[in-house]
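Structure record follows, encoded as structure tokens.
The values are calculated or read from the model by the stated rules, or taken from the named source; none is laboratory data. This one's a predicted model, so the numbers in the text were calculated from it and none came from an experiment. Methodologically, a virtual Cβ is constructed for each residue, glycine included, from the backbone with ideal geometry; neighbour enumeration extends over all protein chains shown.
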Amino acid sequence: MKKLAEACADAIERWTAFLLAAMVLVVAVGVFFRYALGAALVWYDEFASYLLVWLTFYGAVVALYRRRHIGLEVLVERLPPGLKRPVELAAEACIFGFQVVLGYFGWVLTQKIGDETAVSLAWVKMRWVYSVLPISGGLMLLVSGGELVRLARGKREPLSGTAKGGQLAWSGSSSE
């Protein structure tokens, strides 16, 4: 199961790299047309904005899986041993709750926007654009759900933790 999760995270990471490259290309083309040719494209700014939103949300999935999101590790590590686990569980439960809201209301928004189209790209349905909300929310729910189960069982190893010197490296910090 861990290999499947890692493969999915790698695929999403490659997808975010593609989105970043596409955004850079779209902006470069827009800048070229505006300043070199003196003819501004009406669609590039809106399209680049959509790519940035997708990049952000799919990147958040990878960051959550790899335990690279913003956290207060220094504070948690200084807590007495009896408080660490309840605080980690409470924090993960809050994250899970946010993802439920993101996934649910992302789905509602996607359904309500439905057949509306982008302002400058009439062939782009807003349903496609907003689909990132329920999809990334659902993916993050899976990640956080697994982490909640792990924490509830008393296991501290994060999904993509790497053992170094008999200890786990948490969120990029070295335990050497």
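Figures for the structure shown
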| item | result |
| --- | --- |
| Unmet criterion (only one of (1) at pLDDT 85 or above; (2) in contact with an Asp or Glu (Cβ under 7 Å, 6 or more places away or on another chain); (3) not in a loop (DSSP other than H, G, I, E, B); (4) not aromatic (Phe, Trp, Tyr)) for LEU168 | (1) |
| Lone qualifier among ALA39, ALA48 - being closer than 25 Å to TRP123 by Cα, surrounded by fewer than 13 Cβ atoms within 10 Å (Cβ to Cβ) and of a type in the set (Gly, Ala, Ser) | ALA39 |
| Helices (runs of 4 or more DSSP H) (entirely within the stretch 55-143) containing at least 3 residues that are surrounded by 16 or more Cβ atoms within 10 Å (Cβ to Cβ), touching a residue at least 12 places away in the same chain (Cβ under 8 Å) and in contact with a helix residue (DSSP H, G or I) (Cβ under 8 Å, 6 or more places away or on another chain) | 81-113, 126-130 |
| Matching residues, the stretch 29-54, being in a helix (DSSP H, G or I), over 23 Å from VAL132 (Cβ atoms) and small (Gly, Ala, Ser) | ALA36 |
